[in-house]
Amino acid sequence: MADIFYPLQLIADKITYGVFGIAPDTNLAASVNFIIYDVMKIFVLLAVMIFAISYIRTYITPEKTRKVLGGKKGLRYHFVASLIGTVSPFCSCSSVPLFIGFVEAGVPLGVTFSFLITSPLVNEAAVAVLWATLGFKATALYVVSGIVLGVLGGYLIGILKLEKYVEEFVYKIKVGQKASEPEKLNVRERVGIAFEGVKEIVEKVWIYVIIGVSIGGLFHGYAPEGILERYAGEDNLLAVPIAVLVGVPLYSNVMGMIPIIESLIGKGLPIGTSLAFLMSVTAVSLPEMIILKKVLKKELIAIFVSIVAVSIIFTGYLFNLLL
């Protein structure tokens, strides 16, 4: 990974020390170099990842998703739902109509939650930024963990038989029939859609990336070494659950948070604790819970949040052991 982005490091060095004339081995140089390099690296990976996933998405529609999962039970269907969630074009704003559509199509409640858990956790933008900042190994573990959390969380919700905590009107709604076969696209049209996906997502997140990298760069250059390791290091057994408890009610743009987390890791915050915080912010964000309150009773939301939070805490400890 380092060799692939070596030209970007050369550019960052040239701008920092040549164009700006900042003296090396200073806090300002460390911050500016970090910001320039990370911004370039993140946007390169963002473009590549978003293009690839957007192309795959041209083969996936809500109708196809409901058709594949409708009336299906068993652990393998939780796995399929989680896999679909990793490449789904759906966000928290579409949670309610998707939830209603899945229920109306006969998708079991647990399978639906496997999709809802993984979909916000694993998306191409977050994967690209994670890969750019923390490397392939941490990113791969994050993706696998997101899928596993979706499978196990949804499976547990399924075996608990919690259908009574879904608002009654959901079972009475008919969302209408849409075309069973979407318009067929050729390769050129799919590529065009993929490029549009890159443009649309980058336009939405670029400011958060720059703000997040800038904050992370300031911390990278000026925060004392080991400051976080003293208070939230591996020796503090409560660091992971505290990070998750802080993250659950918090809402922040993940694109901006990941570069900050990268810098915090560089100052001593364990990777597992950091990723657990990110996962808690992403998987059980307050806005999504408010939206889901329209179709779920508070008991089911509480159970859902508890299951996911405990799973993330376990994952954080596991990450700290493996990374």
Can you list the residues, at least 5 places off or on another chain, whose amide H is less than 5 Å from the amide H of Leu296, using H built in the peptide plane?
Glu167
Return the long-range amide H neighbours of Val107 (sequence gap of 5 or more, or a different chain), with a cut-off of under 5 Å between placed amide H atoms.
Gly71
Reachable lysines from Lys64, Cα under 23 Å, same-chain residues fewer than 8 places away excluded?
Lys72, Lys73, Lys172, Lys174, Lys178, Lys184
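Applying a 10 Å radius around every beta-carbon, put 138-150, 4-16 in order of their mean neighbour count, most first.
Values: 138-150: 20.7, 4-16: 14.7.
So the order, starting with the most tightly packed, is 138-150, 4-16.
Can you check what the net charge comes to around Pro259, using other residues whose Cβ is under 15 Å from the Cβ of Pro259 (Lys, Arg +1; Asp, Glu -1)? The partial results should precede the final answer.
On the way: positive: Lys41, Lys267; negative: Asp38, Glu262.
Once positives and negatives cancel, what remains is 0.
What net charge is computed for the residues neighbouring Asp38, neighbours being all others with C-beta under 14 Å from the C-beta of Asp38, Lys and Arg scored +1, Asp and Glu -1? Walk me through the intermediate numbers first.
Working: positive: Lys41; negative: Asp13, Glu262.
Overall, the nearby charge balance is -1.
Any read-out appearing in this document is the output of simple, stated calculations on the displayed coordinates, not a laboratory observation. Predicted model, so just to flag it, every value in this text is computed and none were measured. Note: ideal-geometry Cβ built from the backbone for every residue, glycine included; neighbour counts use all protein chains shown.
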